[in-house]
Each structure stands twice: as C-alpha cells, then as structure tokens.
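Single-structure report; data block below.
The values are calculated or read from the model by the stated rules, or taken from the named source; none is laboratory data. Computed from a predicted model, the values in this text were never measured in an experiment. With ideal geometry, Cβ positions are generated from the backbone for all residues, glycine too; neighbour counts draw on all protein chains shown.
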Amino acid sequence: MTARDTVLIATFAALTAALGLLPPLPVPLIAVPVTLQTLGLMLAGCLLGPRRAALAMLLLLSLIALGLPLLAGGRGGLGVFIGPSAGFLIAWPLGALMIGLIARKAQQTTLMLFIANVCGGIVVVYAFGIPGIAVVSDLPITTAAFASAAFLPGDLVKAGLASVIAVSVRRAYPVAL
Amino acid sequence: MIAGLYVPGESPLHRLDVGVKLLVLMALGIGLILTKSVLLLILVVAVTGLLFAFAAELGLMRLWQTTRPLLIWFVFIAVAQILVANAETAGLIVLRLAVLVWAAALVTYTTRLSDMMECLIRIIGWLSPLGVPPHRVAFMIALTIRLIPALSDVVQDVRDAQRARGIENSIIASVVPVLTRVFQQADAMSEALEARGYERWDDQRNNAP
C-alpha cells in the first residue's frame, strides 16, 4: 500500500463522516430524512476502486465503534452496532467493494455508475440491513423489508447524484481504480 | 479536533479495564438472547439504567438522549410484534434492545478514545499473522481524525463560494468542487508523506519480526 492509498482511504473515511454533518436532503413526498452519508459510500466506490473504498468504509466504522459521533445526527459508539439498523452499517464496506468492482470493469458513464451504485449502495446494503432488522426485532423478513422501503426513493436519488458527481470528478481528476 | 463521546469521570465504571467491559457487554448480549423471561429483563433494565444514570454518573438526561433515536423503532417493533405475536413478545424484544443499546452506550461513554484505540490495536495485533499491520491502522485512524475538521472546512468554503453565486442548494455544484479539492489535498499530503519517508517506515514495520 502506497502513501497515496493510505491518504485516499483516510480522506474518504473523513469525507463520508463530513457528509453526515450536512443537513439532510429534503426529498418530496416522503417523510423520511435522507442523509448524505451514503453518498460518501457510493462516491468512494466510484472514485477509489474496490479495495480502497472498502477499506475507507471499514476505517470509518472502526472510528464510530471507538466512540466518535460520526454517523449522521451525531450518533456513534458501540450502541449503533447493536440497534435495528446495524445491518445497514455493517454492509458499507461490502457495498463499497461491490461498487468499486463494477465501476472498474464498466465504462465510466453515468448509467453504468448508476447501476454500480444501485447494486452496491442499495442491493448489498439492504441485503444486510433488512435481515438485520428482522433479527433484532424478531419479525418476519417481509415486514422488515416493508419498513425499509421508505428509504428506497431517497437512496435512488443518491445513487443518481453520486453517478453524476463521479463522472464529472473523474473527468476533472482521473484516478486509476 | 472532533470530540469523542467519552464523558470524563472517576466512577468505578470509568476505571474498569476496557477489555473487561467489552467482555461483559458480549456476555450480556448472549445472555439476553437466551432469556425468555420478561421479569428478568425488567430487572436487567432497571440495573442497567441505574448503573448508567447513577453509578457511572451519566445522568438521566443522557440516558434519554441515548434512547430517543430508538423510540421510532420501539414503536414499530411493538406494533408489528403485537400484530404477528403478542404483547409479551413485543415487551421482551423492546426491553432487550433497550438494555443492549444502553449497555453498549455505557461502555462508549465511560471509556477514553485512547483506551478504546489501544484495545483495537491489540485485537488487530492478533490478526497480524493474516497480514493486517497494526501500525498502519493506527496511523490511518489518527489521520482520519485529523482530516474530518479539515474536510468540513473545505465543505464550508465551497458552500460559501456557491452561496455567493446563488447556487447553494445544488448538491452536484457543491460536491464536485469539494471532491476535486479533496483529491488535490490528498495528492499534496501523500507527497509530503513520501518526502518524509512514510513508505520506508511502513515497509520496515511490516518486515519487523
């Protein structure tokens, strides 16, 4: 691992934390607040490639577990890894890995990156998050899935935003994935 | 610098070794999954609450702040459980969740960031035969903690610049310049690290017996 890899991993961990400090994105029609934090996960995957993106997310989760309030809304500590939404968090490194893998193979177009963001940032994250809710609350998985559906519109908007942003940034600043 | 969640204090819980606290937390987690008795759970809730608010001197206010983000989940779980099962199961699950989150928060609030970090590095040390270098993890953690306020400054700068142009509400117009600046900053920082022999230090530590 080069010095540049080390710095980029730490930078994207910090960036994802900083995005959590921004005010939540208002999405019309739904009452669920949409934080910009998972935008960091998607951008890391699109811009850093699989390995560095996954490590950046793992680093961020470690800092949260150590007791830093880096999740959106100033939450942190060991408690967030026990609560009902823990599955969504734990999936971040894998989600970033998936986005990075697709982004590396695919052409760097908005559409392809959108597909990558949906696969990694939504499918993978929900694939851990929904069973997480089901286990913690001891409910059928369909009920858990129903509860998570409220977040889907916001996450789709973020996947779109992340792809548009990633394409512009890569044009200005190409980094080998 | 960003502040951790640690609340300074001199209570017995503050002075307890981190490793012991984490082991008790794990044991509590396993124990609670096995229990089916609501009465026992109410007792554990009371003990944990008292430990949290009074023994650790964290106060009832902080206990409430810890619980508040979970309230919507409690309502959801209670309603759904009463529909698919019964009120007893609903109570069992809500109480169990509350205790676990309180206990985990109790560990976080009473343990210094440096002690937690030492514990993490020790655990990673056990993994070093698998190729996880503890010194590099420690370096990256320190670097990230330093970078968060720096990045918040970049975000603030760009937002100010966009406000001057009247496009402050466009996320794309804000995040793209933030990212290009962040990459430039990262390049400058990695050159600075290389100039100071970071990669050689890293290699030497990796090959150290």
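Brief remarks on what is shown
- Comparison of A:Ala162, A:Ala145 shows that the only residue that is within 14 Å of another protein chain (Cβ to nearest Cβ) and either more than 12 Å from A:Met42 (Cα to Cα) or in a loop (DSSP other than H, G, I, E, B) (or both) is A:Ala145.
- Output for the range B:101-123, where each listed residue is assigned to a helix (DSSP H, G or I) and either facing chain A (nearest Cβ under 7 Å) or β-branched (Val, Ile, Thr) (or both): B:Val101, B:Ala104, B:Ala105, B:Val107, B:Thr108, B:Thr110, B:Leu113, B:Met116, B:Met117, B:Leu120, B:Ile121, B:Ile123
- Only one entry of A:Ala103, A:Ala72 meets the criterion of being touching a residue at least 60 places away in the same chain (Cβ under 8 Å) and closer than 30 Å to B:Arg146 by Cβ, and that entry is A:Ala103.
- Only one of the listed residues (A:Ala103, A:Ala65, A:Ala96) is assigned to a helix (DSSP H, G or I), among the aliphatic types (A, V, I, L, M) and farther than 19 Å from A:Ile165 by Cα. That residue is A:Ala65.
Every residue, every condition in (1) at pLDDT 95 or above; (2) over 26 Å from B:Arg136 (Cα atoms); (3) touching a strand residue (DSSP E or B) at 6+ places or on another chain (Cβ under 6 Å), yes or no:
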site: A:Leu58; (1), (2), (3): yes, no, no
site: A:Ile82; (1), (2), (3): no, yes, no
site: A:Ile90; (1), (2), (3): yes, no, no
site: A:Gly95; (1), (2), (3): yes, no, no
site: A:Met98; (1), (2), (3): yes, no, no
site: A:Leu113; (1), (2), (3): yes, yes, no
site: A:Cys119; (1), (2), (3): yes, yes, no
site: A:Ile122; (1), (2), (3): yes, yes, no
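- Annotation note: of B:Leu16, B:Leu71, the sole residue that is aliphatic (A, V, I, L, M) and within 17 Å of A:Ile133 (Cβ to Cβ) is B:Leu71.
- Taken over the range B:174-196, the residue count meeting the criterion of being more than 20 Å from A:Pro174 (Cβ to Cβ), surrounded by fewer than 18 Cβ atoms within 10 Å (Cβ to Cβ) and either in contact with a Gly (Cβ under 8 Å, 6 or more places away or on another chain) or not basic (Lys, Arg) (or both) is 3.
- Residue check, A:Ala31 out of contact with any strand residue (DSSP E or B) (no Cβ under 9 Å at 6 or more places or on another chain), closer than 17 Å to B:Ala3 by Cα, at pLDDT below 90 and more than 10 Å from chain B (Cβ to nearest Cβ): no
- Residue selection: A:Ala72 satisfies the criterion of being touching a Ser or Thr at 6+ places or on another chain (Cβ under 8 Å) and within 11 Å of chain B (Cβ to nearest Cβ).
- Scope the range A:165-177; condition β-branched (Val, Ile, Thr) and in a helix (DSSP H, G or I); matching residues: A:Ile165, A:Val167, A:Val169
- Sole residue being among the hydrophobic types (A, V, I, L, M, F, W, C), under 22 Å from B:Tyr109 (Cβ atoms) and part of a helix (DSSP H, G or I), chosen from B:Val75, B:Val47: B:Val47
- B:Leu40 vs. criteria free of Cβ contacts under 8 Å to residues at least 40 places away in the same chain and surrounded by 18 or more Cβ atoms within 10 Å (Cβ to Cβ): no
- Residue match in the range B:104-115 (condition: free of Cβ contacts under 8 Å to residues at least 12 places away in the same chain and either touching a Gly at 6+ places or on another chain (Cβ under 7 Å) or not acidic (Asp, Glu) (or both)): yes
The rows are residues; the columns are (1) within 18 Å of B:Leu179 (Cα to Cα); (2) touching a strand residue (DSSP E or B) at 6+ places or on another chain (Cβ under 8 Å); (3) at pLDDT below 95.
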| residue | (1), (2), (3) |
| --- | --- |
| A:Ile9 | yes, no, no |
| A:Ala18 | yes, no, yes |
| A:Leu22 | yes, no, yes |
| A:Val27 | no, yes, yes |
| A:Gln37 | yes, yes, yes |
| A:Met42 | yes, no, no |
| A:Gly49 | yes, no, yes |
